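See structure below.
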């Protein structure tokens, strides 16, 4: 009589293999989630700087016409879901600021920060971003070209 050998191949993962996979995914998530949140905060600050910077052209036009701009709506600003309110515009004799506070749908890390564009009477623009009341502010959220 012949001995018949039955091949009992493994049909799935063992418990330890599954636990190792879950542990690896947990470690990757622990590293990736904070990095992703930092990325979101940086892009939102950069977006607000861009949205506020769009007002510079209209401001320059008003100043070239001899009118000091007095409101963001006068400059063509419509709305942004990352700002808590319409940017404030304050100009006198060709120098002044355009300022926007982050809020509403902004990341909690940057909510309360302020983006300020300042123009000198000679026409030089500078950009600053201050933490204000931002929760967990990091200086690397500030885009290149701003202080």
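The values are calculated or read from the model by the stated rules, or taken from the named source; none is laboratory data. As the structure is a prediction and not an experimental result, all values here were calculated from the model. Glycine also receives a Cβ, built like all others from the backbone with ideal geometry; neighbour counts cover every protein chain displayed.
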Which ones in the range 75-89 are crowded, with 17+ Cβ neighbours inside 10 Å and either outside any strand (DSSP E or B) or without any contact (Cβ under 8 Å) to a residue 12 or more places away in the chain (or both)?
75, 77, 80, 82, 87
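Quick one: in the range 123-138, which of the residues that are surrounded by fewer than 22 Cβ atoms within 10 Å (Cβ to Cβ) and within 12 Å of the chain's Cα centre (by Cα) is modelled with the lowest pLDDT?
137
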Please verify whether residue 92 is free of Cβ contacts under 8 Å to residues at least 40 places away in the same chain and touching a strand residue (DSSP E or B) at 6+ places or on another chain (Cβ under 9 Å), treating the condition exactly as stated.
no
Of all residues in the range 90-101, which are under 13 Å from residue 59 (Cβ atoms) and not in a strand (DSSP E or B)?
94
Residue check: is residue 97 closer than 26 Å to residue 68 by Cα, loosely packed, with under 14 Cβ neighbours inside 10 Å and at pLDDT 90 or above?
no
Can you confirm whether the range 105-122 contains a residue that is within 20 Å of residue 77 (Cβ to Cβ) and exposed (fewer than 13 other Cβ atoms within 10 Å of the Cβ)?
yes
From the list 102, 55, pick out the single residue that is under 18 Å from residue 39 (Cβ atoms), at pLDDT 90 or above and touching a strand residue (DSSP E or B) at 6+ places or on another chain (Cβ under 7 Å).
102
Conditions (1) in a loop (DSSP other than H, G, I, E, B); (2) exposed (fewer than 15 other Cβ atoms within 10 Å of the Cβ); (3) touching a strand residue (DSSP E or B) at 6+ places or on another chain (Cβ under 6 Å) -> residue 68 fails only (2)
Criterion: on the phi < 0 side of the Ramachandran plot, out of contact with any strand residue (DSSP E or B) (no Cβ under 8 Å at 6 or more places or on another chain), touching a residue at least 60 places away in the same chain (Cβ under 8 Å) and not in a loop (DSSP other than H, G, I, E, B) - qualifying residue of 32, 41:
41
